[in-house]
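Engineer: Can you read through this structure? Questions will come right after.
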Amino acid sequence: MKKLTLTVLAVGFAAALQPFANAQFGSGIVFDPTQAGHAVTQIEHEEQSIANEARQIEQGQQIFTNTVKIATTALQAYNVAKQQYELTHQMILAPRMLYARFLSPTSDLLLLQQISNTYGNSMGWLNSANTGKGAASAYQQVSVPNTNNMIPGYGTASMAGQLQIAAQGATVDITDSVMTNNLQVLGTIRANQTARQADIANLETATQTQDPSQQTIMAELQRINQALLLQLRTLQDANQINANLALQQIVAQKQQQDAMKSAFRDSAGYETYYNANVTTTSSGAANLLTQAY
């Protein structure tokens, strides 16, 4: 660059001196130092402009190089993301391809079918077992009716006798309540099975679909949450059935306990009853036989 500057200055001075030389030899041209200075300044400005343009070209080349690097990095990131997506997509579809061959229809609690209604009182019980509605009246229609009156002689019986009669009557009332509740619970569960089965079928369809919108992470998590909710509801129904079975077992155990307690009471009072009734009768009969012979 310094060599180019010196060359340009030399040419400029030569051009500037040429008129002077001509003037010296009578050509009529006079050397103007001011114009020569302007020419030198102009040459310097052009040189600076060329240097600026060279720097701009270098900067442009650097920007282009950086842009190529950024584009290359973005392309690599895109390829990595594409590979990850394809792998995730394959992993989502792989389970379906593995177990789809072994899927079979599931069966829920089927509705009870009316076979016969001979005496016209079983239809209500059947409808209650299918829907859970009207369980109390339906159960009473197919059962021996209860009486609100106490059995004759209850008021004149001994305290132990009243307790035994009351215990048996309470067992009947409690059993009716438990059986009515069981009928209502089972009917309600059976009535909800249609909607429950529809939810399970929709969940199964969404799980096996190839729709990309259903294969996202959020969609998978939502299906997992829905499956857990369905499981919790099913467990809740099972807990209700288990609770009712526990009540039935309690009532059955109560009947056994009442029978055992009654037997112990009868055994404990047998000697007193025997001495008060059987002994006197036996001794009277013995006296009569003695007198007769």
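Engineer: Pull out all pairs, ordered by first then second residue, where Cβ-Cβ is under 8 Å, the residues are six or more apart or on different chains, the first lies in the range 208-219 and is within 15 Å of Gln90 (Cβ to Cβ) and not assigned by TED's automatic domain parsing to the domain that holds His89, and the second is among the polar types (S, T, N, Q) and in a loop (DSSP other than H, G, I, E, B).
Structural biologist: The qualifying pairs are Gln215/Thr209.
Engineer: Can you name every residue in the range 141-150 that is out of contact with any Asp or Glu (no Cβ under 9 Å at 6 or more places or on another chain) and either at pLDDT 80 or above or surrounded by 11 or more Cβ atoms within 10 Å (Cβ to Cβ) (or both)?
Structural biologist: The first filter runs over the range 141-150 and keeps only residues out of contact with any Asp or Glu (no Cβ under 9 Å at 6 or more places or on another chain), leaving 141-142, 144-145, 147-150.
Once the filter is applied, which keeps residues that are out of contact with any Asp or Glu (no Cβ under 9 Å at 6 or more places or on another chain) and either at pLDDT 80 or above or surrounded by 11 or more Cβ atoms within 10 Å (Cβ to Cβ) (or both), the range 141-150 yields Gln141, Val142, Val144, Pro145, Met150.
Engineer: Right, something else. Only one of these conditions is not met by Ile165: (1) without any contact (Cβ under 8 Å) to a residue 24 or more places away in the chain; (2) loosely packed, with under 14 Cβ neighbours inside 10 Å; (3) not hydroxyl-bearing (Ser, Thr, Tyr). Which number is it?
Structural biologist: Result: Ile165 fails condition (2) only.
Engineer: I would also like to ask the following. On the given criteria, is Leu103 loosely packed, with under 10 Cβ neighbours inside 10 Å and either modelled with pLDDT of 85 or more or closer than 19 Å to Thr207 by Cβ (or both)?
Structural biologist: On the way: loosely packed, with under 10 Cβ neighbours inside 10 Å: no; either modelled with pLDDT of 85 or more or closer than 19 Å to Thr207 by Cβ (or both): yes.
No.
The values are calculated or read from the model by the stated rules, or taken from the named source; none is laboratory data. The structure displayed is predicted, hence computed values, not measured ones. Counting neighbours? That spans all protein chains shown, and the Cβs are built from the backbone with ideal geometry, glycine included.
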